[in-house]
Amino acid sequence: LPGKQIGVMLPSIGSVGILLLATYLADKIPVMMNRTHPETAFAHCVKFSQTKKILTSKAFFDKINIPWLKNYEFVFLEDLLKAIPLHRKLKALIKSRYFPLPKKLDPTAVVLYTSGSESLPKAVPLTHENLVSNLIGAVEIMHIQQDERFFCYLPPFHSFGFTVNTVFPLVAGLRSVSTPDPNDSLTVANLIAHTKPTLLATT
């Protein structure tokens, strides 16, 4: 995909973590797009970050059903997965045995945008050091065990949702349970009853 910065517009789902790692391995910077921004604010974020493509799920895109989003160039993950030929999957499997990490990561780990309550949203680039130092601070005041089950529902365009719900389970090796719609209280209640999470992060 063209461009250094790649837009990502997804709710809190487990595949966000996989996609995040994929952007780093591809030497890209993820720009988390906020679907709740009004049209002018969303347009500003796309233009300011020079984002040419936005990754999302077609099921999610269809569900939120925001007509003006069709003005942007989205890449649907379902279509990407179907288009990967078998030989590329086998090549990736072989490479994964050696796990070839990039020799040097871009210092910027993610670009988030403010809510836009004061004029247009402001871009906030966070470094890998920013994220890790935040998580170290959280771990120091919380007695988190390795066998915890983390219930994650804050959206990844949210600074807390990105740092705590997306990055933290990856670096701490915690099992996580995600739900894309925190407003769907019945699904949330059923999911909690079924998975019995031990941790919940909220604002």
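Data overview
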{"item": "Options F162, F157; residue that is of a type in the set (A, V, I, L, M, F, W, C), under 25 Å from V188 (Cβ atoms), assigned to a helix (DSSP H, G or I) and at pLDDT 90 or above", "result": "F162"}
{"item": "Residue list for the range 150-168, restricted to those being within 17 Å of P121 (Cα to Cα) and in contact with a Phe, Trp or Tyr (Cβ under 8 Å, 6 or more places away or on another chain)", "result": "P156, F157"}
{"item": "Residues located in the range 20-36, provided they are within 20 Å of G161 (Cα to Cα), surrounded by fewer than 19 Cβ atoms within 10 Å (Cβ to Cβ) and not aromatic (F, W, Y)", "result": "L21, A22, R35, T36"}
{"item": "Any hit, the range 76-83, residues being of a type in the set (K, R), assigned to a strand (DSSP E or B) and at pLDDT 85 or above", "result": "no"}
{"item": "Members of the range 45-57 that are surrounded by 13 or more Cβ atoms within 10 Å (Cβ to Cβ) and either of a type in the set (A, V, I, L, M, F, W, C) or farther than 17 Å from T23 by Cβ (or both)", "result": "C45, V46, F48, I54, L55"}
{"item": "Count of residues meeting criterion [open to solvent by less than 40 Å² (accessible area, probe 1.4 Å), within 19 Å of Q5 (Cβ to Cβ) and out of contact with any helix residue (DSSP H, G or I) (no Cβ under 6 Å at 6 or more places or on another chain)] in the range 124-138", "result": "1"}
{"item": "Residue that is least open to solvent (accessible area, probe 1.4 Å) [pool: residues in the range 188-203 that are closer than 16 Å to A138 by Cα and not in a loop (DSSP other than H, G, I, E, B)]", "result": "L199"}
{"item": "Close pairs from the range 128-140: first more than 11 Å from V110 (Cα to Cα), partner in a helix (DSSP H, G or I) and open to solvent by 30 Å² or more (accessible area, probe 1.4 Å), Cβ under 8 Å, at least 6 apart", "result": "V132/V171; L135/V171; L135/A172; V139/A172"}
{"item": "Some residue of the range 170-187 being farther than 23 Å from V110 by Cα, assigned to a helix (DSSP H, G or I) and not small (G, A, S)", "result": "yes"}
{"item": "Inter-residue pairs, beta-carbon under 8 Å, first over 14 Å from N134 (Cα atoms) and in contact (Cβ under 8 Å) with a residue 40 or more places away in the chain and in the range 159-183, second of a type in the set (S, T, Y) and open to solvent by less than 20 Å² (accessible area, probe 1.4 Å), 6+ apart", "result": "S178/S12; T179/S12; P180/S12; P182/S12"}
{"item": "Those residues of the range 158-175 which are in contact with a strand residue (DSSP E or B) (Cβ under 7 Å, 6 or more places away or on another chain) and under 12 Å from V16 (Cα atoms), in sequence order", "result": "F162, N165, P169"}
{"item": "Residue match in the range 90-111 (condition: farther than 18 Å from G173 by Cα, open to solvent by 50 Å² or more (accessible area, probe 1.4 Å), over 16 Å from the mean Cα position of the chain (by Cα) and among the small types (G, A, S))", "result": "yes"}
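The values are calculated or read from the model by the stated rules, or taken from the named source; none is laboratory data. For clarity, every value in this text was computed on a predicted model and none was experimentally measured. Cβ sites come from the backbone with ideal geometry, for glycine too, and all protein chains shown count toward neighbours. To get the accessible areas, we keep the full protein, side chains included, count just its heavy atoms, and leave off ligands, DNA and RNA. Shrake-Rupley method; radii C 1.70, N 1.55, O 1.52, S 1.80 Å.
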